[in-house]
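For reference, the structure discussed in these notes is given below.
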Amino acid sequence: MIPSAGSPALKTALIVEDEQSTLRFYMTGLKGLHEFRLLSAVNGQEALDVLRDTPVDVVVTDLNMPVMDGYSLIAVLAERYPSLPIIVITSVAEPGMREQALQLGALRVIPKPPRLSAVMETLRSAVSVPPQGLVRGIGLGSVLQLLNWERRSATLTVRSEEGTGHLYVKEGELVHALFGREEGLPAAYRILGWEHVQAEFVFTCKMQPTIDLPLPELLMNLAFVRDTQRMGQPGAGEAHDERWHG
């Protein structure tokens, strides 16, 4: 499910819709978006499973769905991936529905049945918005130290050859990390060990803390692990594992 090296500019849109006929309509009608790869999910939980394994640039979701509805999905996405654009396409016409979806974090609400040309235009516009910050050629440790000094909150989306991970900083402290199905310290140490990274960030963090290790101590542990691994000392892997799990 990872784009080939021959199409580096390809964007990924995730369509979340429980009605199979409507989902087929979207997946067929939006094929004209040649710069996008389309993925699908039938409810919010399945969408989160896709997002754990695959980087996504924009999400299009219905609201009324089984297992996990669109409202719950938007709330989770706004917490975990605050820079991810969310577009709602729904037939729900209850008073306050549009306002609730927008307040939770949706970028735009489109009524059903939508005009495909309007959906295409919205998708292209959503992925063209630049991030609040972009970092290349600087170590993640230095970025985290700067945020720590300034007591800033931020969510970083980190990309490398190893994959895409997320770091969550609240008032200067690293409080959570996600990489695939890894969370917390294991994910943090893995991401911070990557080289040649690109990091995009937004200055918000809604994630609840799972890491209570002060940032200087965390970075010192990481440096120790790197040193022992370079020297090839016996037990380096065990030391790494011990620090990952606190």
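Can you tell me which residue in region 12-32 is nearest to Thr54 (Cα to Cα), limited to those that are under 24 Å from the mean Cα position of the chain (by Cα) and of a type in the set (Ser, Thr, Tyr)?
Applying the filter and picking the extreme gives Thr12.
If we keep just the residues of region 70-111 that are loosely packed, with under 15 Cβ neighbours inside 10 Å and of a type in the set (D, E, K, R), which is nearest to Leu23 (Cα to Cα)?
Glu94
Cβ-Cβ under 9 Å, sequence separation 6+ or interchain: first residue in region 45-60 and over 20 Å from Tyr71 (Cβ atoms) and in the same structural domain as Val109 (by TED's automatic domain parsing), partner in a strand (DSSP E or B) and among the β-branched types (Val, Ile, Thr). Which pairs?
So the pair list comes out as Thr54/Thr12; Thr54/Thr164; Pro55/Thr12; Pro55/Thr157; Pro55/Thr164; Asp57/Thr12.
Looking at Val119, Val67, Val58, which is the one that is more than 16 Å from the chain's Cα centre (by Cα) and crowded, with 18+ Cβ neighbours inside 10 Å?
Sole residue among the options that is more than 16 Å from the chain's Cα centre (by Cα) and crowded, with 18+ Cβ neighbours inside 10 Å: Val119.
Pick from region 107-164 the residues that are in a strand (DSSP E or B) and touching a Pro at 6+ places or on another chain (Cβ under 7 Å): which of them is nearest to Gln198 (Cα to Cα)?
My answer is Thr164.
The values are calculated or read from the model by the stated rules, or taken from the named source; none is laboratory data. Owing to the predicted nature of the structure, the values given are computational and were not obtained by experimental measurement. With ideal geometry, Cβ positions are generated from the backbone for all residues, glycine too; neighbour counts draw on all protein chains shown.
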